[in-house]
Amino acid sequence: MSANALDTLWLEERKLTDLIKQPVIRGILDTLLAFAVFMGLWWVFMDPRGVLRWYTPQYGYMYIRWLLIIAIWQVYIFNFWPFKLEWMEKAHPLKKGLILIAINFAVTGLLVWVFYYNIFGKLAIPYFSWPELKKTGLSDFFSREYSSLAILMMAAIASWLSPIWPSAFENYPWHKLKQPAKGLTVFAVTFLLTTYAYLIFMHPHYRVLFYPWQEYTAAFPWWYNSFHTLSGNFNVGWIMCATVSVWLTETILERYPFRLVRSQPWRGIAGFLFILLLAFILFFSFVFFQDMVWGVSVEGAKRIMAPDWRYLHTGELAVILLTVGLVLYFYFDNWPRKFSTEVNILIRVAITIVVAVGLHWAYYKYSHQLLGTQAGYSHPQQFPMAPVILFINVMLYHNWFMDGWPGKRIKREAEAL
Amino acid sequence: MEKDFSRRSFVKGMAVGTLAGYFGAAGLSSTVFKSQLLPKEKVNLVDIGQIKGLKIKVISETSWYDNNVFLNDVKKAGGLLVNQYEIPWTREGVKAGYLGDNLGGFSTYIEAELMDGKVMKILLDSGWNPHWMDKRFKEEGIAEKLAKKEIDFQVISHEHIDHFFGIESTMRHYPDIPMYVPKGFYQDGFDLLKGKSFPKANVKNDHPHKGKVTVLDSKQVNVLYPGIALMTFDVPIILRVFGEQAFVFNVKDKGIVLVTGCCHQGIISYMEEVRKKIVGGEKIYAVQGGLHISPFEDWDPQYDDLIMAFNKYGVQKIGCNHCTGFITAEKMIKAGLPVVKGTARHMSKRDIYLGNGDELVIT
């Protein structure tokens, strides 16, 4: 947070105290706890061998993406409104967590089932609604998968654009408004930007997804000549890198260096450009690393050699990187903090990269047995982002909604003084 | 606390950062840098020899008869990643099905004439529904050839339901037939081969296999006879299947002929591998079998990438069928690709590509 920040979140002002001491022990216990909860949720909702089996894969993946963005809206845009911050300070973390998670789930369900399936998909663009697509003669199964992909992509773009406003622009120029006016304004602006971004980056994918091509309703995939695929996975890849950049900037990078810019809107503009730059560096570097390991992709090829999968995998690699960064931030208190900002950040980045390489290896080695996902690296129905983002959701619930309890709790006023 | 930036230093910093980032990222991925940094590919071409000629007969390419019924089975079970041995597949009441059964199967019979005149007889895959496969094997004389042990060996392209669950139809005639399976077969697959039944998926094999099973991996080109090879690909496949293998024949005066089961590895990837690993691989004359593009008449922009790239390989005959999909065939024909027409007999729905009972002869 900048010293001259225009607007701060309750999350930034919240003072926490340790119930279990660091170093390391609380971090390990918290990580294991989050992983156990994730495994439980995965088994109940997603696992192809589990109870509900929503990971078909797009259907379940869609919910995971929306749970994430709703949590971001709850915390970053609405600053926990309609709950009073006094209640947030005093309520037991478990009670608070259960209520906020219930709202998170309920809003996700309402958005998907009411807004997308029955309003937006019915009255505007049919591919957002599974029942509407089915009416056109598509199979039940693919109607649901196609609409899920469209809905989840809206969430992916929103998780890049929505937090930029509170994080980089500190809600400028609406920072003086009270909740819910501030939240609703920022939500409306960022959701509008998300919709425009969706129409530019993903809608052309749907021109060529259906047979015959829907050439009167969407532009030709404009990235084809430069990136050798008609698939929107090219945009999915760099947008995911952008989303990850936002959250790396917000956590282990401490909004550095753009927080040094003196005033808004320049700080916000610098933040936006920094995030975009970091996203492109991640994206092109990940494409290059894949070329190094598997050889240059081949136009028209499938699986590991397909250009569109390589782009998608940049996003997957970025999310794995973010997961490690978030574990370091949430559970190991953003270690280290004793050196200069630059040195702290460099050490955190180095740790994150090294552990992420290990996590990438472990994911592909064990996820088939552990999560019931496809064996091997590349399959059109294989999305490591789904389990990884669900794990991130669990960490967010734990830290944002439950103050990191039972490892931490909010400092009482007397303690804070 | 850090000092605030001045506007001048901010603008300077952003300009330098943007340029450095741009050249760093774009430079790394540019052709110039790539050609210097990427490891050189090892060239180790295998000469698989030649054959005189090849006959490929489609025994059954109709794996299931109603896409919606099949997909509903998958959806009800929990989607495309569920284990195929645990899905209750619909066997009754399907209007478009064979005697109401939605299941058919995939199998191809191949005769390859070696340079010394000997004809190798090969059965690729064994379908799904044993009633349907028994009928087709009988109609095409395969049952008789199996019973007389005239077929030299069987290749299972991959473990999928529609290629492997009908194994009983082969075993009842020739239980000790030599068999090749790709690396990646699950224990369930070997158990089915040995006679285990899977009641939930309604699959059984009352005639356990007693012959030799050879598991082939992707480390090398597996030359079986002069001019006949199998290539294995480590590919993840839906319904918890892994690994597929496909044929490479080198026909004298024609060139390479690729014969596939489903080609989950992707036809472009397959042709690229052949180009890289096999002498004469740059001249691919024909492709036959399932190309796994739009098996459910679904679509993905990636499939258009494939069709647009296919023309660059100069293939003379495309004897596709099965999981290639009708939408794909229509698009391929529109793109000028030489798709071989079929006759739409024996429950094959359209003549747009090779169907049940159709033959591709290359001499």
(message) For the structure I just gave you, tell me whether residue B:188 is in the same structural domain as residue B:91 (by TED's automatic domain parsing), of a type outside the set (Lys, Arg) and assigned to a loop (DSSP other than H, G, I, E, B).
(response) no
(request) Take residue B:117 and decide whether it is buried (at least 16 other Cβ atoms within 10 Å of the Cβ) and either assigned by TED's automatic domain parsing to the domain that holds residue B:165 or within 23 Å of the chain's Cα centre (by Cα) (or both). (result) no
(message) Scan the stretch A:145-152 and tell me whether some residue there is of a type in the set (D, E, K, R) and assigned to a helix (DSSP H, G or I).
(response) yes
(message) For the stretch A:38-89, which positions are within 19 Å of the chain's Cα centre (by Cα), hydroxyl-bearing (Ser, Thr, Tyr) and under 23 Å from residue A:147 (Cβ atoms)?
(response) A:55, A:59, A:61, A:63
(request) Among the residues of the stretch A:245-274, write down those that are part of a helix (DSSP H, G or I), open to solvent by 20 Å² or more (accessible area, probe 1.4 Å) and facing chain B (nearest Cβ under 10 Å). (result) A:259, A:266, A:269, A:273, A:274
(message) Exactly one condition in (1) open to solvent by 80 Å² or more (accessible area, probe 1.4 Å); (2) at pLDDT below 95; (3) within 21 Å of the chain's Cα centre (by Cα) is false for residue B:39; which is it?
(response) (3)
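Residue by residue, here is whether (1) closer than 30 Å to residue B:269 by Cα; (2) outside any helix (DSSP H, G or I); (3) touching an Asp or Glu at 6+ places or on another chain (Cβ under 8 Å) holds:
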{"residue": "A:239", "(1), (2), (3)": "yes, no, no"}
{"residue": "A:243", "(1), (2), (3)": "no, no, no"}
{"residue": "A:276", "(1), (2), (3)": "no, no, no"}
{"residue": "A:280", "(1), (2), (3)": "yes, no, no"}
{"residue": "A:292", "(1), (2), (3)": "yes, no, no"}
{"residue": "A:297", "(1), (2), (3)": "yes, yes, yes"}
(request) Take the stretch A:85-140 and flag every residue that is more than 14 Å from chain B (Cβ to nearest Cβ), outside any helix (DSSP H, G or I) and open to solvent by 40 Å² or more (accessible area, probe 1.4 Å). (result) A:92, A:124
(message) Looking only at residues that are in a helix (DSSP H, G or I) and among the small types (Gly, Ala, Ser) in the stretch A:1-58, which one is surrounded by the most Cβ atoms within 10 Å (Cβ to Cβ)?
(response) A:34
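A quick yes/no check of all residues on (1) more than 14 Å from chain B (Cβ to nearest Cβ); (2) open to solvent by less than 50 Å² (accessible area, probe 1.4 Å):
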position	(1), (2)
A:361	yes, no
A:364	no, yes
A:369	no, no
A:378	no, yes
A:381	no, yes
A:394	yes, yes
A:400	yes, yes
A:412	yes, no
(message) When the residues of the stretch A:225-244 are narrowed to those that are open to solvent by 40 Å² or more (accessible area, probe 1.4 Å) and in contact (Cβ under 8 Å) with a residue 60 or more places away in the chain, which ends up farthest from the other protein chains (Cβ to nearest Cβ)?
(response) A:227
(request) Scan the stretch B:232-263 residue by residue and report those that are assigned to a loop (DSSP other than H, G, I, E, B) and at positive phi. (result) B:239, B:240, B:253, B:263
(request) Scan the stretch B:42-77 residue by residue and report those that are open to solvent by less than 10 Å² (accessible area, probe 1.4 Å), closer than 30 Å to residue A:294 by Cβ and within 14 Å of chain A (Cβ to nearest Cβ). (result) B:74
(message) Checking the condition away from chain B (no Cβ under 11 Å), touching a residue at least 12 places away in the same chain (Cβ under 8 Å) and open to solvent by 10 Å² or more (accessible area, probe 1.4 Å), which residue from A:188, A:219 passes?
(response) A:219
(request) Evaluate the stretch A:62-72: report whether one residue or more is more than 14 Å from every other protein chain (Cβ to nearest Cβ) and closer than 20 Å to residue A:409 by Cβ. (result) no
(message) Just the residues that are more than 7 Å from every other protein chain (Cβ to nearest Cβ), open to solvent by 10 Å² or more (accessible area, probe 1.4 Å) and of a type outside the set (Ser, Thr, Tyr), please, taken from the stretch B:292-305.
(response) B:292, B:295, B:297
(request) Kindly establish whether residue B:159 is in a loop (DSSP other than H, G, I, E, B) and open to solvent by 50 Å² or more (accessible area, probe 1.4 Å). (result) no
(message) For the structure I just gave you, tell me whether residue B:287 is within 16 Å of the chain's Cα centre (by Cα), modelled with pLDDT of 95 or more, among the β-branched types (Val, Ile, Thr) and in a strand (DSSP E or B).
(response) yes
(message) Please go through (1) over 14 Å from residue B:84 (Cα atoms); (2) of a type outside the set (S, T, N, Q); (3) within 14 Å of chain A (Cβ to nearest Cβ) for residue B:159 and return the number of the only condition it doesn't satisfy.
(response) (1)
(message) Going residue by residue through the stretch B:231-244, is there one that turns out to be under 26 Å from residue B:115 (Cβ atoms) and in contact with a Phe, Trp or Tyr (Cβ under 9 Å, 6 or more places away or on another chain)?
(response) yes
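Yes/no matrix, rows are residues, columns are (1) within 9 Å of chain A (Cβ to nearest Cβ); (2) within 23 Å of residue B:349 (Cβ to Cβ); (3) touching a residue at least 40 places away in the same chain (Cβ under 8 Å):
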residue	(1), (2), (3)
B:261	no, yes, yes
B:275	no, no, no
B:290	no, yes, yes
B:307	yes, yes, no
B:311	no, no, no
B:314	no, no, no
(request) Take the stretch B:221-241 and flag every residue that is within 14 Å of chain A (Cβ to nearest Cβ) and touching a residue at least 60 places away in the same chain (Cβ under 8 Å). (result) B:237, B:238, B:239, B:240, B:241
(message) Take residues that are touching a residue at least 40 places away in the same chain (Cβ under 8 Å) and out of contact with any Ser or Thr (no Cβ under 9 Å at 6 or more places or on another chain) and tell me which of the helices (runs of 4 or more DSSP H) falling wholly in the stretch A:308-417 contain 3 or more.
(response) A:341-371, A:385-396
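From the list B:193, B:146, B:80, which one is modelled with pLDDT under 95 and either touching a Gly at 6+ places or on another chain (Cβ under 6 Å) or open to solvent by less than 40 Å² (accessible area, probe 1.4 Å) (or both)?
B:80
Looking at B:319, B:266, B:289, can you tell me which residue is touching a Lys or Arg at 6+ places or on another chain (Cβ under 7 Å) and open to solvent by less than 20 Å² (accessible area, probe 1.4 Å)?
Exactly one of B:319, B:266, B:289 is touching a Lys or Arg at 6+ places or on another chain (Cβ under 7 Å) and open to solvent by less than 20 Å² (accessible area, probe 1.4 Å), namely B:266.
The values are calculated or read from the model by the stated rules, or taken from the named source; none is laboratory data. Note that the coordinates shown come from a computational prediction; the quantities given were computed from them, not determined experimentally. Glycine gets a Cβ as well: all are built from the backbone with ideal geometry, and neighbour counts include every protein chain shown. Side chains included, ligands, DNA and RNA excluded: accessible areas come from the protein's heavy atoms. Shrake-Rupley method; radii C 1.70, N 1.55, O 1.52, S 1.80 Å.
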